[in-house]
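What follows draws every value from the coordinates through simple rules; no lab data is involved. Not measured: the values here are computed from a predicted model. Virtual Cβ from ideal backbone geometry, glycine too; neighbours counted across all protein chains shown.
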Amino acid sequence: MTPLAKRIARWPKAELHLHLEGSIRPATLRELAARHRQPLDAETAAALYRYRDFRGFLNAFKRITALLRTPDDYALITRRLTEELMAQNVIYAEVIVSAGVMLRRQQDVEANFAAICEATRPAARRGLRLAWSFDAVRQFGLGHIWSVARLATQLRPYGVVAFGVGGDETALPTRALQPVYEFVAAHGLHRLIHAGEIGPPRAVREAVEWLGCERIGHGIAALRDPRLQALLIERGVVLELCPTSNLRTGALARQLRRRSADLSDHPLPEFFRAGIPVVLATDDPALFETTLVREYEQAARLGLTAGELRRLAATSFHAAFLPERARRAMLRRMQAVG
Ligand SMILES: [Zn+2]
């Protein structure tokens, strides 16, 4: 670890864009496979994590989650995730659960979620606070999205704080989602969405103006639209930026309309210095072979100073769906560590 990484690792941190199922490392996947009597050797497991573009990434996600079959499977991956978060001094995370994938596989979402919550207890005793966002899959259609939205509102008493839509953002017009977002907001949930990852700036604008989304997953399409950047600043809408994810899925190259992109092309420093509220996250740490500390190192490589990295890290607490008292307490914990 570099001295900077060591310093960042010590900071109490929050992470706001993190998929539970995207956190399954190959070793855990092999454990799941063995449980279901489909032994995977290390090479075959590693091959499941290789993909070349965005569609290939979605397929990898699908193949990996196919081994999640019982509440116990969900408990195992949750325990592993909490261990990883604590090892990095993450004290708060909002974790995205693909409730839509569970429904699609005709699983008992409530039983899975109960096992997930139970699995977090040891970590909770050691000071890790988690909240949950239920995610629907856009390409599965409106009926499916409604089912996930209803489940999210029913499970709000158990720690679901937000509802979002992910998957293929070109699959369904944003306007069609408006009644669903009105419903979840009326039931006290926060509104999230994946937009402007591979889709156009318009997808982000519509998510803000029509759906009232408070934070946008990725939103890097804003690099092509200064007026959209101004709208995000004016409304205080937060972009959850995941640089390694954008490189690995090819999303950044697509936004730049190029065949390939590298880290130096990422708009994080430009957005940050323009005053757009941005937070840093891993998205799917196992699929992108990253950690939150590594993402801060990426931000440092992009030219952010140590002071700017701290401001960036503090923004995750400011943008979190936390009660004010808890937020202030966490910020104090962060400020106490230099
Ligand atoms: Zn995501």
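Here is how the numbers come out for the structure above:
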| quantity | calculated |
| --- | --- |
| Separation between Cα centres of region 40-69 and region 207-282, rounded to whole Å | 26 |
| Per-residue ³J(HN,Hα) for region 242-247, Karplus 6.51 cos²θ - 1.76 cosθ + 1.60, θ = phi - 60°, Hz, x for Gly and Pro | 9, x, 4, 4, 5, 6 |
| Mean projected area in nm² (Cα convex hull; one quarter of hull surface) for the chain | 15.8 |
| Tensor-based shape of region 38-185 (alpha-carbon gyration tensor, a/c under 1.5 rounded, otherwise prolate or oblate) | oblate |
| Sorted by Cβ density within 10 Å, fewest first, the residues Asp72, Asp283 | Asp72, Asp283 |
| Neighbour-count order for Glu197, Glu209, fewest beta carbons within 10 angstrom listed first | Glu209, Glu197 |
| Dipole magnitude of the chain about its Cα centre (Cβ charges: Lys, Arg +1; Asp, Glu -1), debye to nearest 20 | 500 |
| Region 116-133 and region 155-200: distance between their alpha carbon centers, rounded to Å | 24 |
| Residues Glu182, Glu169, sorted so that the one with the fewest Cβ neighbours within 10 Å comes first | Glu182, Glu169 |
